[in-house]
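Student: The structure is given below, and queries will be raised subsequently.
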Amino acid sequence: MATRLERYERRYRALAAELAGLGFISQGSVVVRYTSCGKAGCRCQADPPLRHGPYYQWSRAVAGKTVSRRLSEGEAELYRGWIANRRRLEEIVARMEQISAAAGELLLREASSPEPPATAKR
C-alpha cells in the first residue's frame, strides 16, 4: 500500500509542477468572422460573395451574459494560447482530484484498520 501511495504522491507532484509552468489563462473562445455590409455593388454582394474580413472576436460569459471583444490577429493568437492553457489547467486539476480520491481511499482504509500488536510493529 505504501508504494501505491508513493506513486500517487509522485503523480500529484508532477501535475503540480506542470501547473506552475502553465502561464496566463483565459475563459471563452476566439472566432473568425466574415461579414456582409449590405451596400449595393460591394464585393460582399457579388455572386459568389467576397465577404469582408477576417475579423477576430473573443467571446466569454460574464455574469450569465455573453461579452465579446474585437481583436487583431496577434491578439487572437495570444487569447488562443491563454484559452488552451485554461483547458489544460482544468484537465490537470481534474486529474489531481482523481489521484487525491484514490490516495484518500488508501489512507482512510489504513486509518480504519485495527492496529497490529506492538510486537508485530518492530
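Student: In the range 77-96, how many residues are within 26 Å of R7 (Cβ to Cβ) and among the acidic types (D, E)?
Tutor: 2
Student: Which number in (1) over 18 Å from the mean Cα position of the chain (by Cα); (2) at pLDDT 95 or above; (3) β-branched (V, I, T) marks the one condition that I83 misses?
Tutor: (1)
Student: Of the residues in the range 35-62, how many are in contact with a Ser or Thr (Cβ under 9 Å, 6 or more places away or on another chain) and in a strand (DSSP E or B)? Spell out the reasoning first.
Tutor: Looking only at the range 35-62, we keep the residues that are in contact with a Ser or Thr (Cβ under 9 Å, 6 or more places away or on another chain), and these are 42, 44-45, 49, 51-53, 55-60.
Going one step further and asking which of them are in a strand (DSSP E or B), we end up with 52-53, 55-60.
Of the residues in that region, 8 qualify.
Student: Moving on. Show the residue pairs that are 6+ apart or on different chains and have beta-carbon atoms under 6 Å apart, the first residue being within the range 1-18 and under 12 Å from L107 (Cβ atoms) and of a type in the set (K, R), the second being at pLDDT below 95 and surrounded by 11 or more Cβ atoms within 10 Å (Cβ to Cβ).
Tutor: Within 6 Å, no pair qualifies.
Student: If the Cβ limit is 7 Å and pairs must be 6+ apart or interchain, which residue in the range 97-122 that is in a helix (DSSP H, G or I) pairs with which residue that is at pLDDT 75 or above and not aromatic (F, W, Y)?
Tutor: Every condition considered, the pairs that remain are I99/R11; A103/L5; L106/R4; L106/L5.
Student: Then there's this: Could we say that L89 is out of contact with any strand residue (DSSP E or B) (no Cβ under 8 Å at 6 or more places or on another chain), in a helix (DSSP H, G or I) and surrounded by 12 or more Cβ atoms within 10 Å (Cβ to Cβ) here? Walk me through how you get there before you give the answer.
Tutor: Working: out of contact with any strand residue (DSSP E or B) (no Cβ under 8 Å at 6 or more places or on another chain): yes; in a helix (DSSP H, G or I): yes; surrounded by 12 or more Cβ atoms within 10 Å (Cβ to Cβ): yes.
Yes, satisfied.
Student: Within the range 92-122, take every residue that is exposed (fewer than 11 other Cβ atoms within 10 Å of the Cβ) and of a type in the set (K, R) and give me the one that is modelled with the highest pLDDT.
Tutor: R109
Student: Now, a different point. Inspect the range 19-39 for any residue being out of contact with any helix residue (DSSP H, G or I) (no Cβ under 6 Å at 6 or more places or on another chain) and within 30 Å of E105 (Cα to Cα) and give the result as yes or no.
Tutor: Yes, some residue in the range 19-39 is out of contact with any helix residue (DSSP H, G or I) (no Cβ under 6 Å at 6 or more places or on another chain) and within 30 Å of E105 (Cα to Cα).
Student: Condition test on A16, is it within 30 Å of A102 (Cα to Cα) and part of a helix (DSSP H, G or I)? Walk me through how you get there before you give the answer.
Tutor: Numbers: within 30 Å of A102 (Cα to Cα): yes; part of a helix (DSSP H, G or I): yes.
So A16 fits the description; yes.
Student: Ok, one more. Go over the candidates T66, T35 one by one and state the one that is more than 30 Å from S113 (Cα to Cα), β-branched (V, I, T) and surrounded by 11 or more Cβ atoms within 10 Å (Cβ to Cβ). Before the answer, list the steps.
Tutor: Details: T66 fails: surrounded by 11 or more Cβ atoms within 10 Å (Cβ to Cβ).
Going through T66, T35 in turn, just one is more than 30 Å from S113 (Cα to Cα), β-branched (V, I, T) and surrounded by 11 or more Cβ atoms within 10 Å (Cβ to Cβ): T35.
Student: Looking only at residues that are among the aliphatic types (A, V, I, L, M) and free of Cβ contacts under 8 Å to residues at least 60 places away in the same chain in the range 19-32, which one is surrounded by the most Cβ atoms within 10 Å (Cβ to Cβ)? Break it down stepwise before answering.
Tutor: Our first condition is that a residue be among the aliphatic types (A, V, I, L, M); within the range 19-32, this holds for 19-20, 22, 25, 30-32.
In the following step, the residues that additionally are free of Cβ contacts under 8 Å to residues at least 60 places away in the same chain were identified as 20, 30-32.
Details: A20: 6, V30: 19, V31: 14, V32: 11.
Only one residue fits best here, namely V30.
Student: Show the residue pairs that are 6+ apart or on different chains and have beta-carbon atoms under 8 Å apart, the first residue being within the range 50-78 and under 12 Å from G28 (Cα atoms), the second being assigned to a helix (DSSP H, G or I).
Tutor: Pairs found: W58/E75; W58/A76; W58/Y79.
The values are calculated or read from the model by the stated rules, or taken from the named source; none is laboratory data. None of these values were measured; they are calculated from a predicted model. Positions of Cβ are generated from backbone atoms using ideal geometry, with glycine treated the same way; all protein chains shown enter the neighbour counts.
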